[in-house]
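The values are calculated or read from the model by the stated rules, or taken from the named source; none is laboratory data. From a predicted model like this one, the values you see are computed outputs, not experimental measurements. Using ideal geometry, Cβ is built from the backbone for each residue, glycine included, and neighbour counts are taken over all protein chains shown.
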C-alpha cells in the first residue's frame, strides 16, 4: 500500500517587493506503509487486584472450557459456593461462561479477596476481548479496583485503632 504525502515548501523572498509574493510548490514523496495482518490470539490476559491479592487471569478462546485456579479446578480451590459465584460473576453477567477456558494464578490475601481479584481480572480480560462489554461491566462494578486496604498498626495501640484497656488506677 503506497500513500502519497504532500509537503509544502516555501521560498524565502530576496527583496522587500518579493516578500508579498510567496510561492508554494507541493513536493510529493512516496512512503511505504506496512500492511496490518490480524493474528490469532492464543489467550487474553488481565490482572485483577483486591486488598493484597493479585490474580493473573488468562481467557483462552479455543480448547477445553475449564476453570483452573492455581492448577486446581475452581470447585476444589474455592469449596464455598459463594466464592465460586463471586469469581464467575463477570462471565455469568456477560453470558460468556462456556466461551472460554480460564487459567488463573492468584497470590496473597484471603479466599474472599482472591475471589474478587479473579472477578476483576476476568472483567479486564473480557474488555480486551470485546470493548463493547466495558459499559456493562463498569455498571456492574467489576472493572473498579476496590481501594479499601487494611489500615496499618500504630505505635502505642494494640491494632490500627484499638487502644489498650484504660485503667483508673
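Scanning the range 128-162 for residues that are assigned to a helix (DSSP H, G or I), surrounded by 12 or more Cβ atoms within 10 Å (Cβ to Cβ) and free of Cβ contacts under 8 Å to residues at least 40 places away in the same chain yields 133, 134, 138. Candidates are the residues of the range 70-81 that are assigned to a loop (DSSP other than H, G, I, E, B) and touching a helix residue (DSSP H, G or I) at 6+ places or on another chain (Cβ under 7 Å); the one that is nearest to residue 55 (Cα to Cα) is 70.
Mind telling me which of the residues 63, 46 ends up being surrounded by fewer than 12 Cβ atoms within 10 Å (Cβ to Cβ) and either modelled with pLDDT under 95 or farther than 18 Å from residue 112 by Cα (or both)?
Only one candidate passes the filter, namely 63.
Within the range 82-89, is there a residue that is loosely packed, with under 12 Cβ neighbours inside 10 Å, part of a loop (DSSP other than H, G, I, E, B) and more than 16 Å from the chain's Cα centre (by Cα)? Break it down into steps so the answer makes sense when it comes.
First pass over the range 82-89, keeping only residues loosely packed, with under 12 Cβ neighbours inside 10 Å: 82.
Filter once more, keeping what is part of a loop (DSSP other than H, G, I, E, B): none.
Looking through the range 82-89, none of the residues is loosely packed, with under 12 Cβ neighbours inside 10 Å, part of a loop (DSSP other than H, G, I, E, B) and more than 16 Å from the chain's Cα centre (by Cα).
When residues of the range 93-113 are filtered for being part of a helix (DSSP H, G or I) and touching a helix residue (DSSP H, G or I) at 6+ places or on another chain (Cβ under 8 Å), how many remain? Number of matching residues: 3.
Those residues that are more than 13 Å from residue 123 (Cα to Cα), out of contact with any strand residue (DSSP E or B) (no Cβ under 8 Å at 6 or more places or on another chain) and modelled with pLDDT under 95, I need them from the range 85-107; list them, please. Once the filter is applied, which keeps residues that are more than 13 Å from residue 123 (Cα to Cα), out of contact with any strand residue (DSSP E or B) (no Cβ under 8 Å at 6 or more places or on another chain) and modelled with pLDDT under 95, the range 85-107 yields 98, 99.
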